[in-house]
1. Among the residues of the stretch 7-32, which ones are touching a residue at least 60 places away in the same chain (Cβ under 8 Å), open to solvent by 50 Å² or more (accessible area, probe 1.4 Å) and farther than 16 Å from A53 by Cβ?
2. Consider the stretch 94-111. How many of its residues are open to solvent by 40 Å² or more (accessible area, probe 1.4 Å) and either part of a loop (DSSP other than H, G, I, E, B) or not basic (K, R) (or both)?
3. Among the residues of the stretch 39-85, write down those that are in a strand (DSSP E or B), out of contact with any Ser or Thr (no Cβ under 6 Å at 6 or more places or on another chain) and not β-branched (V, I, T).
4. Within the stretch 94-111, how many residues are closer than 14 Å to H6 by Cβ and touching a Leu at 6+ places or on another chain (Cβ under 9 Å)?
5. Any residue at all in the stretch 62-85 that's without any contact (Cβ under 8 Å) to a residue 12 or more places away in the chain and surrounded by 14 or more Cβ atoms within 10 Å (Cβ to Cβ)?
6. Give the number of residues within the stretch 46-71 that are closer than 13 Å to G36 by Cα and in contact with a strand residue (DSSP E or B) (Cβ under 8 Å, 6 or more places away or on another chain).
Amino acid sequence: MADDLHPEDAKLVTLARSTRARNGAAEGAAVRDDTGRTYAASTVDLPSLQLTALQAAVVMAVASGARGLEAGAVVSDAEAVADADRAALSDLGGTPPLHLAGLDGVVRVTG
């Protein structure tokens, strides 16, 4: 993991990575709300419902009453985060930092 990553953001990467591994999913994600609570989720791939891991984490935060998000992290083998995922993270206002890490947990992109 990047040495210059804030400890609270590093925690998001760890949560995303462990959630992905535990569920055997393609991706894991975690977000932190404006009160410091964290939410982690993996990819949802059901016949009638498909969500990326980040979308699922945002849904969990909103369903728990989050009014804003401070940061997010995605663990994936993808080279970039989809625009729809970035939009979901920003829907509660602002443009929180988003960290993309590989399956090994090493952060490749922050933005």
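The values are calculated or read from the model by the stated rules, or taken from the named source; none is laboratory data. Because the structure is a prediction, the values reported are computed rather than measured. Every residue, glycine among them, receives a Cβ derived from its backbone with ideal geometry; neighbour counts consider all protein chains shown. For accessibility, only protein heavy atoms count, side chains too; no ligands or nucleic acids. Shrake-Rupley method; radii C 1.70, N 1.55, O 1.52, S 1.80 Å.
1. Once the filter is applied, which keeps residues that are touching a residue at least 60 places away in the same chain (Cβ under 8 Å), open to solvent by 50 Å² or more (accessible area, probe 1.4 Å) and farther than 16 Å from A53 by Cβ, the stretch 7-32 yields only E8.
2. Counting residues in the stretch 94-111 that are open to solvent by 40 Å² or more (accessible area, probe 1.4 Å) and either part of a loop (DSSP other than H, G, I, E, B) or not basic (K, R) (or both) gives 9.
3. So in the stretch 39-85, the residues in a strand (DSSP E or B) come out as 39-42, 44-46, 49-51, 69-75.
When the remaining residues are screened for being out of contact with any Ser or Thr (no Cβ under 6 Å at 6 or more places or on another chain), the result is 39, 41, 44-46, 49-51, 69-75.
Across the stretch 39-85, the qualifying residues are Y39, A41, D45, L46, L49, Q50, L51, L69, E70, A71, G72, A73.
4. Final tally of qualifying residues: 5.
5. No, because not a single residue in the stretch 62-85 is without any contact (Cβ under 8 Å) to a residue 12 or more places away in the chain and surrounded by 14 or more Cβ atoms within 10 Å (Cβ to Cβ).
6. Initially, the stretch 46-71 is screened for residues closer than 13 Å to G36 by Cα, giving 61, 64-71.
Adding the requirement that they be in contact with a strand residue (DSSP E or B) (Cβ under 8 Å, 6 or more places away or on another chain) leaves 61, 64, 66-71.
Selection size over the stretch 46-71: 8.
Residues checked against (1) at positive phi; (2) in contact with a helix residue (DSSP H, G or I) (Cβ under 8 Å, 6 or more places away or on another chain):
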site	(1), (2)
R32	no, yes
L46	no, no
G65	yes, no
V106	no, no
